[in-house]
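The values are calculated or read from the model by the stated rules, or taken from the named source; none is laboratory data. Please read all numbers here as calculations on a predicted model, not as lab measurements. For neighbour counting, all protein chains shown are included, and Cβ atoms are generated from backbone atoms with ideal geometry for every residue, glycine included. These area figures cover heavy atoms from the full protein model, side chains too; ligands, DNA and RNA do not enter into them. Shrake-Rupley method; radii C 1.70, N 1.55, O 1.52, S 1.80 Å.
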Amino acid sequence: MAGSGVVTVYGNGAITETSKKSPFSVKVGLAQMLRGGVIMDVVNAEQARIAEEAGACAVMALERVPADIRAQGGVARMSDPQLIKDIKQAVTIPVMAKARIGHFVEAQILEAIGIDYVDESEVLTPADDENHINKHNFRIPFVCGCRNLGEALRRIREGAAMIRTKGEAGTGNIIEAVRHVRSVMGDIRLLRNMDDDEVFTFAKKIQAPYDLVMQTKQLGRLPVVHFAAGGVATPADAALMMQLGCDGVFVGSGVFKSGDPARRARAIVQAVTHYSDPEVLVDVSCGLGEAMVGINLNDEKVERYANRSE
Amino acid sequence: MRRPAKHSRLAKNVEALHRLRCDGFKSAKMFDEPQRSFENLLDPCWPPRPLPESLTIRESLPLLLCVRFCTMAVGVLALQGSFNEHIAALRKLGVKGVEIRKPEQLQSVVALIIPGGESTTMAKLAEYHNLFPALREFVKMGKPVWGTCAGLIFLANKATGQKTGGQELIGGLDCMVHRNFFGSQLQSFEVELLIPKIAAKEGGPPNFRGVFIRAPGILEVGPEVEVLADIPTPSDKTVHSGPSVESQEENGGSENKVIVAVKQGNLLATAFHPELTADTRWHSYFLKMISDISEETSSSTVSQSTEDLHFSEPPIYDLPIYQQQ
């Protein structure tokens, strides 16, 4: 654009403006293929195979699952690229990996490895406390966390092609995930019944770009695929997220911190497909062994990862 | 089974179509007569209103045919993946899409779409709920089945590039499919495909926006398979192939072209995702495959009145369709 004097009208193409090499439609497309599926955190090739065998639609390659990051403390960073490569070699389903918030070089490295999706995640220690990665600059698609509608739409404006509600990772406690999903869905219901004249002020209030707020109002849902995450530990938790209106579920520590990971993984996958069929949910929930130990979030000392970014 | 007339206000239209088929074709001239000879035919919009009396039979036929589409239910395998997008595309054409998750649900539909998604995930879920025998039976009965992307892999007789241990397939389509032929998400792309055969039947421009997402490719096809579209092989393909690729398909390929859409009898398969575009020609092409069959088997496909479609259903919110600028 520089020098030509041509200015693109802001918001004209909603959120589709991006580099030609990888149009937004292709980025959203993969997320659409993941709908109705479960994405599992894995820390090595063996776990990745268990996840694939159980029917996960993608795996998230990590060095430590969120529960361990919480227990061990310290700074959590992007995983060793070698580990991610090994996991990529081991499975044929899509592989995702986490980059720190605002750390665009980690994202460049992940893009160069050739994985399928980058999670700009609050579970890792943020690298930039004010700015997120400008995701329009990448050919690789991004998924980002949110706690409410405003945060979701800000991330989409930055170029995220998929949204997950943050929940509270590594706690095995679903309460924050429910809070965040209800907040997003509730705001969308509010927005849908709103007069068009009121949308300007609403956009200001939730600090989101007006064009995306308007698009959300017209669609009646987020304009990209919307998963739930953070605290899912049982098939019932996963089905709850689906019934609240999510397109799919991320399961972090819930699977591989439980007594029988293969069985639990399989049960959660089935629960997401048959989320509205209680009889199937009974079948898959029986005899799963021990669930992960949860953390009570009434305790003020528990660090809130969800509050690490706005 | 056809419902009694009082249950469907559009039953008259169906009746009229049936009469047209029985005695209407005797003289070509009758197509130019006004349709009022059939009395109070209804426009298939909702609420139904009478068709203008001045319309000729010829002009009102598309509207009546539309009713036929309304009255059949097409199943969409809803284990995982882009089944919502397929149902939305069908809805645009006035056809009801039914989510299929269990074997017994297959009995209520005249055709099946297997959507895109992760084929390993879908195979696992189908296996958990013992869907494979029912699906194979469905294909064997000659009912139309359309697979997109993961669905193509399902329908193929042979597949390579699978996960360790392989995966179960439905089979039926005489071809060899390579999973993730084009590589990972970074190699996903959009391209304008030439689709002369579809354009000839459905009209519209000769090209189609094909969205390829970690897409499979068809390496070889049997003699009975009709090729509907192919594209040039990307030159850097070999770099990104999966771990279990044999080297033979690189030199054995037919002039560096890879097949991406095929039809064999009542099976249709595409490596790309027509459900992610606004162009519904592939869907209407598939629907015509159904109506071609039901012509032979009388009106047994009429199983649903449009009334249950429009009342007391919660509104449905679909994702937008993103266009390249």
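Ordered by packing density, taken as the mean number of other Cβ atoms within 10 Å over each peptide's residues, highest first, how do B:91-97, B:182-188, A:278-284 rank?
B:182-188, B:91-97, A:278-284
Can you give the average number of partner chain beta-carbon atoms within 10 Å of each beta-carbon in peptide A:182-193, as a whole number?
Going residue by residue through A:182-193 and averaging, the value is 0.
Once amide H atoms are built 1.01 Å from N in the peptide plane, which residues 5 or more positions from B:Thr56, or in another chain, come under 5 Å H to H?
B:Gln35
Just read off the accessible area of A:Met60 with the full protein assembly in place, 1.4 Å probe, to the nearest 10 Å².
0 Å²
Below 12 angstrom from the Cβ of B:Tyr317, what's the summed charge of the other residues (Lys, Arg +1; Asp, Glu -1)?
+2
On the full set of protein chains, 1.4 Å probe, figure out the accessible area of B:Ser108 and give it in Å² to the nearest 10.
70 Å²
Which order do the peptides A:133-141, B:109-117, B:198-206 come out in when sorted by mean C-beta neighbours inside 10 angstrom, highest first?
B:109-117, A:133-141, B:198-206
What value does chain A have for Rg/Rh, both radii from Cα atoms and Rh as Kirkwood defines it?
The Rg/Rh ratio comes out at 0.96.
When the accessible area of the stretch B:120-209 is computed with all protein chains present and a 1.4 Å probe, what percentage of it is carbon and sulfur?
Answer for the stretch B:120-209: carbon and sulfur cover 55 percent of the accessible area.
Using the heavy atoms of the protein chains alone and a 1.4 angstrom probe, what is the accessible area of the stretch A:221-310 per residue in square angstrom?
Heavy-atom SASA per residue in the stretch A:221-310 reads 41 Å².
Under the 0.36 nm per residue contour assumption, what length would be gained going from the current alpha-carbon distance of B:Met141 and B:Glu168 to full extension?
Net length gain for the segment: 7.7 nm.
Once neighbouring chains are kept in place and the probe is 1.4 Å, which whole percent of the accessible area of the stretch A:69-148 is contributed by carbon and sulfur?
It is 43 percent, rounded to a whole number.
Between the stretch A:130-145 and the stretch B:67-129, what's the alpha-carbon centroid distance in Å?
With the stretch A:130-145 and the stretch B:67-129 each reduced to a Cα centre, they are spaced 33 Å.
For the stretch A:59-204, what is the accessible area per residue in Å² when the probe is 1.4 Å?
That works out to 36 Å² per residue.
Let me check something: with ligands and nucleic acids excluded, how do A:Arg308, B:Arg179 order by accessible area (1.4 Å probe), largest to smallest?
The residues order as A:Arg308, B:Arg179, largest area first.
So how much slack lies between A:Gln218 and A:Val282, counting 0.36 nm per residue of separation and subtracting their Cα-Cα distance, in nm?
Residue separation times 0.36 nm, minus the Cα-Cα distance, leaves 19.3 nm.
For the Cα atoms of chain A, what angle does the longest principal axis make with the long axis of helix A:261-273, in degrees from 0 to 90, nearest 10?
Tilt of helix A:261-273: around 50 degrees.
Starting from the amide H of B:Lys257, placed 1.01 Å from N in the peptide plane, find each other amide H under 5 Å away whose residue is 5 or more places distant or on another chain.
Placed amide hydrogens put B:Thr233 under 5 Å from B:Lys257.
Using only alpha carbon pairs under 8 Å that are at least six residues apart, calculate the relative contact order of the stretch B:73-299 and give it in whole percent.
Relative contact order, the stretch B:73-299: 20 percent.
Leaving ligands, DNA and RNA out of it, rank B:Tyr128, B:Tyr317, B:Tyr322 by accessible area with a 1.4 Å probe, largest first.
So the residues, ranked largest to smallest area, are B:Tyr317, B:Tyr128, B:Tyr322.
Any of B:Lys140/B:Lys288; A:Lys257/B:Lys163; B:Lys124/B:Lys158 with alpha carbons more than 21 Å apart? Name them for me.
Violating the 21 Å Cα-Cα cut-off are A:Lys257/B:Lys163.
Which semi-axes, in whole Å and largest first, does the equivalent ellipsoid of the stretch B:73-299 have when worked out from the alpha carbon gyration tensor as the square roots of 5 times its eigenvalues?
26, 21, 16
Counting alpha carbon pairs within less than 8 Å and at least 6 residues apart, what relative contact order, in whole percent, applies to chain A?
Value for chain A: 19 percent.
Ignoring ligands, DNA and RNA, please state the percent of accessible area on the stretch A:196-243 from carbon and sulfur, probe 1.4 Å.
Exposed carbon and sulfur together represent 52 percent of the surface.
Could you list which residues have their amide H under 5 Å from that of B:Leu219, counting only those 5 or more apart in sequence or on another chain, with H placed in the peptide plane?
B:Met176, B:Val177, B:His178
Hey, what's the stretch B:73-299 come to in accessible area per residue, 1.4 Å probe, Å²?
So the stretch B:73-299 comes to 35 Å² accessible per residue, rounded to a whole number.
Provide a list, ordered by number, of residues in the stretch A:270-284 showing at least 40 Å² less accessible area with every protein chain present than when their chain is taken on its own, using a 1.4 Å probe.
Buried-area filter returns A:Gln270, A:Thr273, A:His274.
Buried accessible area between B and A (1.4 Å probe, both chains summed, ligands and nucleic acids excluded), in Å² to the nearest 100?
By this definition, chains B and A bury close to 4100 Å².
Give B:Lys96/B:Lys143; A:Lys27/B:Lys257; A:Lys135/A:Lys205 a once-over and call out the pairs whose C-alpha atoms are over 27 Å from each other.
Pairs exceeding the cut-off: none.
With a Förster radius of 51 Å, plug the Cβ-Cβ distance of A:Arg77 and B:Lys201 into 1/(1 + (r/R0)^6) and report the FRET value to the nearest 0.05.
So the FRET efficiency works out to roughly 0.35.
Round to the nearest 10 and give me the degree value, 0 to 90, for the angle of helix A:210-219's Cα axis relative to the longest principal axis of chain A.
Once rounded, the angle reads 60 degrees.
Averaged over B:183-195, how many beta carbons belonging to a partner chain fall within 10 Å of each residue's beta carbon?
Per residue, the average neighbour count from other chains is 5.
Please give the average number of partner chain Cβ atoms lying within 10 Å of the Cβ of each residue in A:87-95, rounded to a whole number.
5
Can you give me the solvent accessible area of B:Glu127 with a 1.4 Å probe, rounded to the nearest 10 Å²?
90 Å²
Do any residues of the stretch B:74-88 lose at least 50 Å² of accessible area when the full set of protein chains is present rather than just their chain alone, and if so which, with a 1.4 Å probe?
B:Gln80
Quick one: what are the phi-derived ³J(HN,Hα) couplings along the stretch A:237-246, Karplus 6.51/-1.76/1.60 with θ = phi - 60°, whole Hz, x for glycine and proline?
Once θ is set to phi - 60°, the couplings for the stretch A:237-246 become 4, 5, 5, 4, 4, 5, 5, 6, x, 7 Hz.
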